[in-house]
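A short worksheet on the structure shown next.
The values are calculated or read from the model by the stated rules, or taken from the named source; none is laboratory data. From a predicted model like this one, the values you see are computed outputs, not experimental measurements. Neighbour counts run over all protein chains shown; Cβ positions are idealised from the backbone, glycine included.
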Amino acid sequence: MDRAVVGGRSRQMRARAVSCGLLATACVMLAVPSWAQNTATPAQPDHGAAYYHYGLAHIYEDLATSQGRSDYATQAVEQYKLALAADPDSTYLQDGLASLYFKVGRIREAVTAAQEQVKKNPDDIGAHQLLGRVYFRSLGDVQNSTQTQMLQLAVAEYEKLVQLDPKSVENHLLLGQLYELSHDSAKAEEQFKAAQGLDGSSEEAVLNMARLYSEQGDLQRVVTTLTAVPVDDRTARIEYALGASYDQLHKPKEAAAAYRRALDIDDDNLDAQRGLANALLADGQLNAAMTQYQQIVSAEPQDAQSYIKISEIQRRQGQYEVALTTLKKAKALVPDSLELSFNEAMTYDALGRYDESETVLTSTLASSAKADGSYADAEKSNRWVFLNRLGIVYREQNKTQMAVDTYKQMIDLGGDFVARGYQGQVDAYRDAHQQQKATEVAAAAAKALPQDHGVQVMYAMQLVDSGKTEQGLALAKSQLTGKPEDRDIYVSLANIDIRAKHWAEASAALDKAEESTTKPDDKIFIYFLRGNLADKQKRRDEAEIQLRKVLTIDPTDANTLNYLGYMFADRGEKLQEALTMVKKAVELEPQNGAYLDSLGWVYFKLGQYQLAEDNLTKAAERIGTDPTVHDHLGQVYEKTGKLKQAVGQWERALVEYDHSLSADIDSEDVDHLHRRLDTAKVKLARVHEAKVVQ
């Protein structure tokens, strides 16, 4: 006998054996009994035949769904039909056939079968469940024109299901989700609460309720809902959602604690670990955050985002070259990442490599530019971030006109970016002591945006600083409307009054602002201005009290850390605490020239003159028009015997004072500077005379 034939038959027999293995029950039934061969509709239901065909249908259905074979699906349908022929009134078989159609993708037939069953038996839970599932899952597949109709059909089915089976947690949850899609929050909340009432520990009920409140923008209610679940009953998903909510509320400590609990439950949850790392970074716990990010990249070496965060930590810790190396690793994974480019530009900026920072920013802006100038909202936000940073880099290099031109590009973005573009131009001109141009831009902004209270107040500030105090104050006060928004106007009025040395009026404005301030975060700037007001009046103890209130709310507020630390250093008090505060501020914003000046000044007061000189030199490079920086650097040079350099810095300080606004000048500081400069010049003259005599 031909081996090929034998082999072929052998393979056929093996194939049949496999089929019999899969169809174990079917193989037993191959010898069909005579009663099963009669397909005519009996006068009475033939339950035996129905059961036999249902058994075959069930086997073929399992094979069709597990192997994806249409021939098995066809066989399953035929067997269901034979079963129904034997028992046509069987609700179970009707539902089974409709469900089979759904499983194998024959949706139209599934709907038809289920609808027919509902007509015959309006209370058939199985048929309603199938129709509900079909309509629910079809929502994302249909066109907008029919989506509303499909949503209505789904709602109707689940409303019926909740009526028929009110104790089903799943049905309440699904109906709640459908009400959400219908923008009926009240009914959605009612269903989620019903589900939670049936099962108080239901993870899905809690998370759906939390999501509903989140979509309504009520983050505090989200937290309340999630924390109502006892800690021991919370799942990893609940803790993760809680951490994410705290993130949005800018509460990094609470967020970190929630993410840690999620990891305690599920230690392989990288999403929770990323959340923890981000929360620790936001809380300023750099070393702890670094540990988490390193563990993440160890588990997922392709996680470019974590490399970018690691580089940010390295940059904030002053490890600039190491940060650049880390960014190279990330760039190999995501060469077009905007966040990566931004961090790269920030790192070059921190190193004082302004040209390279400028190149990264300009090339990113160019590569993402659109010829027609049409950008989506997210694209506009990203573009603003890069334009703003580029403007700052230009200002650090005293390239005032280039900075102004950069800020003008923001105006083209429209919306809120228009006001920011004008503000950037004003700030650039103020940095350069070009007050007339700053006022002209502010006036143009006020004319272009007459309904923008913030812009009108900006112009008012310029008027006050240019000597037109009454006109500026009148303009600022005219923005008050008697509405809650007046809070921000009162804060601005207080700031203007402080600069104008109207102490009582500034205090009264802050009182008004605080009357309508309820959230702790909104009190931060009020407390800061109270501290600033007290400091200007030489009431240093009161200033410290107010500034510490800010740090109680937000221990990472860099502006307050810098101000309080500098105030301590200037008084020669609490120098170690001052050092800690200012180092923290610099860590948060390593490019900030004012913070670098404060750090140098603290080191000077501690007698660490080399560190003082290093930081003050960096500050002078970034904010060279600030007379205080040159005064401080001069004092360092004097202490280290570099008297000629000290004189040069003090003379530069006097030049900058001559161009500064009166509100930015402390007459006592200027008097002290004159005395130091005169004394230094006398000393230099004596040294020169001594050399001539020799």
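Listing for the model above:
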{"quantity": "Checklist (1) part of a helix (DSSP H, G or I); (2) at pLDDT below 95; (3) surrounded by fewer than 20 Cβ atoms within 10 Å (Cβ to Cβ) applied to residue 352, failing item", "calculated": "(1)"}
{"quantity": "Qualifying positions in the range 195-217 - within 28 Å of the chain's Cα centre (by Cα), surrounded by fewer than 17 Cβ atoms within 10 Å (Cβ to Cβ) and among the small types (Gly, Ala, Ser)", "calculated": "217"}
{"quantity": "Any hit, the range 528-540, residues being of a type in the set (Asp, Glu) and surrounded by fewer than 19 Cβ atoms within 10 Å (Cβ to Cβ)", "calculated": "no"}
{"quantity": "Selection within the range 59-81 - assigned to a helix (DSSP H, G or I) and either on the phi > 0 side of the Ramachandran plot or loosely packed, with under 14 Cβ neighbours inside 10 Å (or both)", "calculated": "66, 67, 70, 71, 74"}
{"quantity": "Counted residues, the range 577-609 - those being within 34 Å of the chain's Cα centre (by Cα), without any contact (Cβ under 8 Å) to a residue 24 or more places away in the chain and surrounded by fewer than 20 Cβ atoms within 10 Å (Cβ to Cβ)", "calculated": "3"}
{"quantity": "Residue 428 vs. criteria touching an Asp or Glu at 6+ places or on another chain (Cβ under 7 Å), under 30 Å from residue 369 (Cα atoms) and part of a helix (DSSP H, G or I)", "calculated": "no"}
{"quantity": "Neighbours by Cβ (under 6 Å, 6+ apart or cross-chain): first from the range 315-332, within 20 Å of residue 589 (Cα to Cα); second of a type in the set (Val, Ile, Thr) and surrounded by 19 or more Cβ atoms within 10 Å (Cβ to Cβ)", "calculated": "315/347; 320/347; 323/347; 324/347; 326/310"}
{"quantity": "First in the range 640-668 and within 21 Å of residue 436 (Cα to Cα), second anywhere and part of a helix (DSSP H, G or I) and aliphatic (A, V, I, L, M), Cβ under 6 Å, 6 or more apart", "calculated": "657/670"}
{"quantity": "Tally of residues being buried (at least 17 other Cβ atoms within 10 Å of the Cβ) and either at positive phi or at pLDDT below 95 (or both) across the range 355-379", "calculated": "1"}
{"quantity": "Residue that is modelled with the highest pLDDT, among those in the range 145-176 that are surrounded by fewer than 20 Cβ atoms within 10 Å (Cβ to Cβ), assigned to a helix (DSSP H, G or I) and of a type in the set (S, T, N, Q)", "calculated": "163"}
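Yes/no matrix, rows are residues, columns are (1) modelled with pLDDT under 95; (2) under 35 Å from the mean Cα position of the chain (by Cα); (3) not aliphatic (A, V, I, L, M):
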{"position": "418", "(1), (2), (3)": "no, yes, no"}
{"position": "422", "(1), (2), (3)": "no, yes, yes"}
{"position": "428", "(1), (2), (3)": "no, yes, no"}
{"position": "433", "(1), (2), (3)": "yes, no, yes"}
{"position": "442", "(1), (2), (3)": "no, yes, no"}
{"position": "445", "(1), (2), (3)": "no, yes, no"}
{"position": "455", "(1), (2), (3)": "no, yes, no"}
{"position": "475", "(1), (2), (3)": "no, no, no"}
{"position": "482", "(1), (2), (3)": "yes, yes, yes"}
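Yes/no per residue for (1) touching a Ser or Thr at 6+ places or on another chain (Cβ under 9 Å); (2) at pLDDT below 75; (3) not aromatic (Phe, Trp, Tyr):
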position: 33; (1), (2), (3): no, yes, yes
position: 82; (1), (2), (3): yes, no, yes
position: 87; (1), (2), (3): no, no, yes
position: 94; (1), (2), (3): no, yes, yes
